[in-house]
1. Given the criterion part of a helix (DSSP H, G or I), touching a helix residue (DSSP H, G or I) at 6+ places or on another chain (Cβ under 7 Å) and surrounded by fewer than 22 Cβ atoms within 10 Å (Cβ to Cβ), identify the matching residue among Lys136, Lys115.
2. Glu483 is checked against (1) surrounded by fewer than 15 Cβ atoms within 10 Å (Cβ to Cβ); (2) at pLDDT below 95; (3) farther than 16 Å from Lys505 by Cα and fails just one. What number does that condition carry?
3. Do you know which residues across the stretch 448-477 are more than 25 Å from Met392 (Cβ to Cβ), of a type outside the set (A, V, I, L, M, F, W, C) and out of contact with any strand residue (DSSP E or B) (no Cβ under 8 Å at 6 or more places or on another chain)?
4. Out of Ser322, Ser369, which single residue is hydroxyl-bearing (Ser, Thr, Tyr), over 20 Å from Phe24 (Cβ atoms) and more than 13 Å from the chain's Cα centre (by Cα)?
5. Picking from Asp26, Asp31, which residue would you name as being of a type in the set (Asp, Glu), crowded, with 20+ Cβ neighbours inside 10 Å, at pLDDT 95 or above and under 19 Å from Ile142 (Cβ atoms)?
6. Just one of Ile508, Ile494 is modelled with pLDDT under 95, in the same structural domain as Val417 (by TED's automatic domain parsing) and among the β-branched types (Val, Ile, Thr); which is it?
Amino acid sequence: MNHLYFADCLDVLKELTAQHPQPFIDLIYIDPPFNSKRNYNVLFESIDMKDTNAQKHAFADTWSNYSYVDTLNEVAEIDRELYTILNTFHNLKSIRDSVTAYLTTMAIRIWYMHKLLTDTGSFYLHCDQTMSAYLKLMCDMIFGEKNFRNEIIWKRKTGRGETNQKSNKFGTIVDIIFFYAKSDKNLLNPQYNQDAAGYEEYVESNFKYTDENGRKYMSDNLSSPTPRPNLTYEYKGYKPPKNGWAISIEKMEQWDKEDKLIFPKNPDGRIRRKRYIDELKGRPVQNLWDDIGPISAQAAERLGYPTQKPEALLERIIKASSNEGDTVADFFCGCGTTIAVAQKLNRKWLGADISHLAIRLIKKRLADSYGLGIEHEIKIHGMPKDIASAKMLAQETEGGRISFQDWAIEVMLLGVVNEKKTADGGYDGYLTFNTHAGKQFALIETKSGKLTVKNLREFVNVIDTQKAAVGIFVCFAENVTREMTKAAKEAGHIKIADTEFPMDKIQIITVEDLFEGKKPQLPGAAENQTFKKAKRNEEKSVSRGLFD
């Protein structure tokens with residue numbers, strides 16, 4: 001069972017730390033907000049035929065109004081050195097409060113992430129130049145400077161060339177990814193790239209030799225770059241290099257049998273390695289990643305979520321720092337790229353996000369890629385999980401971070417909440433779908449209290465007035481009356497253009513139905529298109545038992 005948390009990741013991290021006294025996560029990648037002071041919206045299909053997309057506010061990447069003093073005091077209880085530096089920033093007039101708020105928020109979360117990593121685990125922090133210098137300092141203190149591995153530069157876009165607007169700085173086309181290890185035992189699987197710029201020229205200029213079997217090879221150094229006293233041995237009369245060999249005597253004997261060694265005619269010479277071109281995996285990936293482009297507007301994997309990263313980027317990280325069956329975590333998981341790639345690469349995973357829109361999109365992304373059965377392999381925390389908790393949510397006046405209406409429409413039906421709040425006579429949300437006659441829309445109404453047939457008839461009138469193809473009426477089963485069911489049937493079947501379909505125009509779907517996985521009945525190829533569909537993954541999904 002894999003796990004998805006709708007919650008502040010700090011709460012999730014504390015809970016996991018309490019549940020797992022021993023570290024259990026092998027790889028953590030996070031792509032948190034950058035403190036860029038920008039607002040981000042999620043794109044949806046619009047029911048306004050004049051507009052291609054509607055937008056809903058997803059999150060504001062600003063921390064200026066965040067009260068961080070309580071968190072700062074909490075840091076003081078768990079790490080005095082970390083508190084000292086954060087408190088210094090807090091007292092400096094030259095450091096804005098928003099900077100200290102952001103760093104305090106990130107520092108305590110990274111501190112808990114460090115605790116959950118195994119000794120062989122790795123941590124990747126994706127950021128930009130806005131906060132990178134500060135974040136590097138925080139991570140050095142938490143992980144230890146000796147466990148810093150790389151500052152990876154990802155070239156996320158190309159330059160825009162000359163513009164009519166003057167600027168007093170160079171354009172920014174890169175992001176930064178800090179790579180840390182929990183200890184000197186960290187796993188790293190080398191990654192290679194055969195499409196890197198200059199790779200063909202490299203092959204042509206270096207693989208100059210051909211053996212008796214016609215295999216092309218290059219002559220490569222076999223000495224250690226640093227002193228290796230334990231690997232300083234003589235082999236077949238050839239003296240070792242000054243720093244010793246790069247390989248053990250067992251490996252030397254194996255390569256000798258495999259004809260991978262070059263023995264010089266001069267006994268004072270050095271043994272070298274034959275590196276065959278047909279065994280070449282590609283150019284080793286270094287810390288400049290300029291071969292993975294951003295997601296284009298036409299890319300199959302684009303889902304309309306802000307700051308979405310390409311799957312190729314996460315695939316490289318996950319392959320490099322984990323093996324099949326390992327546990328991968330993303331505590332700012334957004335639209336779920338880390339999760340989708342971890343699933344594809346046969347890793348166990350867990351993700352957390354404070355936005356219910358993110359949880360909703362991840363569910364749909366996995367279902368699109370692996371089929372609806374994947375939902376049985378995922379445990380979602382923080383959302384109503386049964387009728388009792390759904391009723392509890394419906395009874396809350398404020399609704400916390402999510403209301404009953406938002407949950408029913410955006411999480412369970414994968415629709416969009418109507419931001420223009422109306423009294424009875426309006427609609428609460430919608431979803432869009434495609435048919436032979438083009439894009440159509442279904443309106444959604446949610447009710448959590450007692451109902452009469454009048455409520456349903458009012459909704460029928462809205463459907464007719466708005467010329468919607470379908471009406472979806474959501475309520476608890478105990479509130480559905482016989483008169484309501486009759487009125488829904490009397491509304492007839494769905495009609496689009498000149499075609500009538502054998503589905504009810506007004507569909508009553510109970511909360512109980514939603515928990516059982518029931519979806520609205522939509523015509524023909526009328527699959528919900530409110531979010532862009534993720535590409536299908538044909539590999540069989542496997543349950544991975546994270547906490548089982």
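The values are calculated or read from the model by the stated rules, or taken from the named source; none is laboratory data. Since the structure is predicted, the reported quantities are computational estimates derived from the model, not experimental observations. Reconstructed Cβ throughout: ideal geometry from the backbone, glycine too, with neighbour counts over all protein chains shown.
1. Criteria check complete, one pass: Lys115.
2. Only one criterion in (1) surrounded by fewer than 15 Cβ atoms within 10 Å (Cβ to Cβ); (2) at pLDDT below 95; (3) farther than 16 Å from Lys505 by Cα is unmet by Glu483, namely (2).
3. Within the stretch 448-477, Lys454, Arg457, Glu458, Asn461, Asp464, Thr465, Lys467 qualify.
4. Every option except Ser369 fails the conditions.
5. When all the criteria are applied, what remains is Asp26.
6. On inspection, the qualifying residue turns out to be Ile494.
Residue-wise test of (1) modelled with pLDDT of 95 or more; (2) surrounded by fewer than 17 Cβ atoms within 10 Å (Cβ to Cβ); (3) of a type in the set (Phe, Trp, Tyr).
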| position | (1), (2), (3) |
| --- | --- |
| Asp175 | no, no, no |
| Ser183 | yes, yes, no |
| Asn206 | no, yes, no |
| Lys216 | no, yes, no |
